[in-house]
Amino acid sequence: MMTDQSYMSDLAIPPGEYLEEVLDDLELSQAELARRMGRPPQAINEIIKGEKAITPETAIQLEQVVDVPAEFWNNLESGYRLVLAKEQEMLKAQQEIEVVSKFPYLEMSKLGLVKKTRNAIEKVKELQKFFGVSSLFNIENVKEYSPAFRLWENETISREAIAAWLRTGHLLASWQDVADFDRNTLKNNIANIRALSLESDPKKMLSSLKSLLAVCGVALVVIPHYPRTYVTGATFWYGKNKPVVMMSMRGSWSDIFWFSLMHELGHILLHNKRITFIEGGNNSSQDYKVQEEDADYFAQEILIPKLSYDEFVSKFDFGPASIAIFAESIGIHPGIVTGRLQHDKYLSHLQHHHRTRYKWK
């Protein structure tokens, strides 16, 4: 008895149901089939009921007895089990619908990272694909995203949104072609990077900055922050030897951008590359706090050297003209000086002498 395998193998037919039809056509009882196959009658009955799968060995025996190719039985069984598995996955996906709202799906879809859809199940599937997980409940345990869940305790912050932001950075960094990372090259180019703060056109500045960092082997990813992330930057390593700096454009103040950038570059030059640093996070680890302080000091010293800054503030003249003259003397944008003075409470946060906002597209 031959069967058209190309027609039947795509059907979600329970193998036992089809086997029962074959036995009826052959006028063969389950007990007789069991005797001819040398199998217990109970085993054949369990296959008929769908309680027992048809193994490759069983498929060969069925071919020998009922003249239906073993490949057909194998395909029928695997196809049927796949259908059952997909049905189970659909049930699991329905349980994950409640988690979808924790992710910034709308913003991600605008960036083309996930498909635009209103269907809740499709959103679950898109997020699973985006994160590379079989379940959204697994995201917290993945090394790439775990820092987002480990750092934050404030309930106004979305850990899921931060995880999505980090994943976006990993994806965009993977597409960037940069030189092999060289610490000395980066260190020697810090002054050139700093000088770009004087560029008034954000588009030109960003293009030059990316190119300069790429020569050093550093990938720069600049994307909008997602709602409820409240982060300004992050540093991580993609693969074995590709440091990545992420900038969020949050607030758009140029001085904050430059401090955050130097802070992240400080992590690359000073600290263990196995750690993901997220600026704006809260970690109780003393080592982490010390490394954050190290990066802060690095950024402060690179942008405005302490000796020069101390001499400037000792004069207690923080007017726009004095700030501009001082900034020019050290080759930095004057808005960065104002930002530092605000941080140190020499100026109020209403006094924005020379501070500028980057208008990102």
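Bear in mind that the values in this text are calculations on the coordinates, not laboratory data. All values derive from a computational prediction rather than experimental measurement. Don't worry about glycine lacking a Cβ; one is built from the backbone with ideal geometry, like all the others, and counts go over all protein chains shown.
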Open item on the list: For Kirkwood radius over Cα pairs in Å, pick the label among [x] 21.8; [y] 25.0; [z] 21.2 that corresponds to the value derived from the coordinates.
Closed with: [y]
Task: Theoretical ellipticity at 222 nm over the chain - DSSP helices of four or more residues, -39500 (n - 2.57) apiece, nearest 500 - done: -18000 deg cm²/dmol
- [ ] For Lys129, go through the lysines and keep the ones whose alpha-carbon is under 21 Å away, minus same-chain ones fewer than eight residues off.
- [x] Lys86, Lys92, Lys102, Lys110, Lys115, Lys116, Lys143
Open item on the list: Can you compute the modelled spin-label distance between Asn141 and His170, with each label point 7 Å from Cα toward Cβ, in nm?
Closed with: 1.5
Task: Whole-angstrom Cα spans of the range 72-168 along principal axes, big to small - done: 55, 27, 21
Open item on the list: For the range 287-361 and the range 74-120, what is the centre-to-centre distance using only Cα atoms, to the nearest Å?
Closed with: 49
TODO: Please list the radius of gyration and Dmax for the range 5-91, considering alpha-carbon atoms only, with Å as the unit.
DONE: 12.8, 40
Task: Net charge of Cβ neighbours under 14 Å - reference Ser260; Lys, Arg +1; Asp, Glu -1 - done: -2
TODO: Using label points projected 7 Å from each Cα along Cα→Cβ, tell me how many nm separate Asp177 and Ala120, to one decimal.
DONE: 4.5
Open item on the list: Under a crude label model (7 Å from the Cα following the beta-carbon direction), how far is Arg357 from Glu21 in nanometres?
Closed with: 6.8
- [ ] With springs only between Cα atoms under 10 Å apart, run a GNM on the chain and tell me which of Thr185, Thr117, Thr58 wobbles the most.
- [x] Thr58
Task: For the range 124-140 versus the range 237-255, the gap between their alpha-carbon centres in whole angstrom - done: 24
TODO: Please identify the helices of the chain, taking whole runs of DSSP H, that span at least 18 Å along their own axis as judged from the Cα atoms and have a mean Kyte-Doolittle score of -0.5 or higher.
DONE: 70-100, 159-174, 202-216, 254-270
Task: Descending semi-axes in whole angstrom, ellipsoid equivalent of the range 307-361, from the Cα gyration tensor - done: 19, 13, 9
Open item on the list: Just to verify a number: FRET efficiency for Asn272 and Val215, C-beta to C-beta distance, R0 = 41 Å, to 0.05?
Closed with: 0.95
- [ ] Compare Leu76, Leu220, Leu350 in a GNM of the chain, Cα atoms joined below 10 Å, and give the one with the largest fluctuation.
- [x] Leu350
